[in-house]
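Below you'll find the structure, written out as structure tokens, and then a few comments.
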Amino acid sequence: MSDLTTYAVLEHNFLFRGLPKTAIDTLAELAHRRAFDKGAMIFSQGDEGDALYGVAAGRVRIFTADEKGHEVSLNVLGPGDTFGEIALLDGLPRTASAVTIDDSKLIIIPRPQFMSYLERDPGLSMHLMKLLCERLRWVSDLIEESSFLAGPARVAKRLSTLVETYGRPLPDGGVELVISQAELGQFLGISRQIINQYLRSWCEQGWVLLKRGRIVVHDIDAIKQVAANAG
């Protein structure tokens, strides 16, 4: 797949979708592009919030870590997604870290230029407000998962969400998700061994197929049912 243009990243992401073409053109002119190797740290938790990022190619993992280095993955972003909004808007230190999963190309809009334009465009301000509300709902959903759902249901719900967002349809009707069992465990704060236990059980029932660094889902309805029947 070819790299997305700067305009395409801004136009197709809900953060800027619906803005006049002239507004998106102006935002695109504020941005520059930068290539990152696989495993490159884009920014770390606590860094200055100095830019908004968009993914033109590749994938980015957002995560937090404690003092001992234990990591919890918060999200995986692909082409068309943007990140770094919170620190960009309030100017406070980054609340999470970002690292590339693949060789990636990002568009970067520096905070001073972005804030200057934001002050002149109330339409963009409304879009940002909607984004922050959606992120708040997403965080609330994560808290609900951790507090009320049992292990299998948490894994099933997160796997379903990732498949629907990033899954690649296969000719045999399955949907492939490029993620390792360890990475899935990091999303949920569950060990790889426990993740493997659940996935092996679903594999025996024909719901999923496990590959190296990949999970192929053949029965997404069954996986969703695990989450729906929780509690």
TODO: Select, from Leu142, Leu184, Leu170, the only residue that is modelled with pLDDT under 85, of a type in the set (A, V, I, L, M, F, W, C) and either touching a Lys or Arg at 6+ places or on another chain (Cβ under 6 Å) or not assigned by TED's automatic domain parsing to the domain that holds Asp47 (or both).
DONE: Leu184
Task: Enumerated strands (runs of 3 or more DSSP E) restricted to segment 25-135, each holding at least 2 residues that are hydrophobic (A, V, I, L, M, F, W, C), touching a residue at least 60 places away in the same chain (Cβ under 8 Å) and under 29 Å from Val178 (Cβ atoms) - done: 32-36, 51-57, 71-77, 104-110
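The values are calculated or read from the model by the stated rules, or taken from the named source; none is laboratory data. Just so it is clear, the model here is predicted, and its values are computed rather than measured. FYI the Cβ positions are ideal-geometry reconstructions off the backbone, even for glycines, and counts take in every protein chain you see.
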